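Right, one structure below, let's go through it.
Please treat every number below as a calculation from the coordinates, not as lab data. Just so you know, these numbers come straight off a predicted model, no measurement behind them. Heads up, the Cβs are rebuilt from the backbone with ideal geometry, glycines too, and the neighbour counts pull from every protein chain shown.
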Amino acid sequence: MAYAWCFLLFMTGLYCAVVKKNMVKIVLGIIIMEYAVNIFLIMLGYRIGGVAPIVGKGELAGIDKVTSAFVNNCVDPLPQALVLTSIVISLGSLALMIALCIRTYERYGTFDITEIRRLRG
Amino acid sequence: MELFIFYALMAFVLIAAFIAVETRNLLSAVICVGAIGFGGSLIFLFLKAPDIAMTQIVVEVLGLVILIRATISRDLTFISGDREFFGMVVSVVILFAIFMAGIGIFRQLPDFGTAVYTRTPEAASQTYVSRGLEETGASNIVTSVILDFRAYDTLGEATVLFASIIGATAILRKKAKKLPEDLDE
């Protein structure tokens, strides 16, 4: 059910990006899709009753070893690391898309994509 | 109780997404996307990913500033109506078909709460969890993955970020560069 929720959120963003006429709305749809995919990837590595992948004092066995209880309860650290990258990159792409929107508004005076059909040199 | 709060957060995020899609006012839509981002940050916290929750809050604040800069002080145009009605109906039908097909695929995944990597004992994540502290000395396993095991990935991330910011500044530049023939006149 949690996976289906992520998919529903993704389809909401896709609907917004496909159907809406406003350029900023299209950008918002793409952002919603990014959130849905990030949450889905984190959900794939989740364990019920798991612990965060941070070694505390209670999880040390010896000087450099972690206890087997930690290994058996830890959530997956790999999707967390990669989603961290993805979130930061989404900020960069958001800045680029909004810059395009602002320039288009300055040139054409509207966000409506059906009005931006005529090309000007 | 914890699970109830988790499901309540998920419902909150979904409602915020619906409002963001359907509202007419652009500023309201932007603020609803901010609500999705902060609710998503809390969901990350429930999914035992504190690093991502912190990053999400920082990125969300910056993204809201950028989005509000784009929408405020424009005329908040109420662009009414969608695209052509026939195209809208067709796209909605196609999206619904994709949704129904995708739901079937999710049944093949393991249930929510059993991590995928526990099925394969040879997965890279097992090595990171069991030997990460020993090999890198970082008590936070996520840090040891992004800064040591997969450091090239972080380097690529910095490159992509740099390129996108260069693109944004080039697009937003007010004065165009003068061409050589303009200089001669």
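In this structure, B:THR23 and B:THR118 have a Cβ-Cβ separation that, at R0 = 30 Å, corresponds to a calculated FRET efficiency of about 0.10. DSSP loop GluC sites (Glu not before Pro) in region B:117-148 with at most 12 other Cβ atoms within 10 Å of their Cβ, which ones? Sites meeting the loop and neighbour criteria: B:GLU122. Take chain B and mark each of the trypsin sites (Lys or Arg not before Pro) that is in a DSSP loop with at most 14 other Cβ atoms within 10 Å; the longest unmarked stretch, sites excluded, is B:108-172.
Is any residue of region A:36-61 close enough, with backbone N under 17 Å, to a label point placed 7 angstrom from the Cα of B:ARG131 along the Cα-Cβ axis, and if so, which? Answer for region A:36-61: none. Listed by number, the DSSP H helices of chain B that run 27 Å or longer by alpha-carbon position along their axis and have mean Kyte hydropathy of at least 0.0 are B:2-22, B:26-46, B:50-71, B:85-106, B:151-172. The translational diffusion coefficient of the protein assembly as shown, from Stokes-Einstein at 4 °C and 1.567 mPa s with a Kirkwood hydrodynamic radius over alpha carbon pairs, comes to 60 µm²/s.
Span-like helix criteria (full DSSP H runs; alpha carbon extent of at least 30 Å along the helix axis; mean Kyte-Doolittle hydropathy of at least 1.6) are satisfied in chain A by A:23-44. Taking amide H atoms as placed 1.01 Å from N in the peptide plane, the amide H of B:ASN140 lies under 5 Å from those of A:VAL55, each 5 or more residues away in sequence or on another chain. Which FRET efficiency, nearest 0.05, do B:ARG69 and A:ASP112 yield, Cβ-Cβ r, R0 25 Å? Taking R0 as 25 Å, the efficiency between B:ARG69 and A:ASP112 is 0.80. Between the amide H of A:VAL66 and those of A:ALA61, distances stay under 5 Å, these residues lying 5 or more places away or on another chain, with hydrogens modeled in the peptide plane. Computed from the C-beta positions of A:SER86 and B:PHE85 and an R0 of 30 Å, the FRET efficiency is 0.25 to the nearest 0.05.
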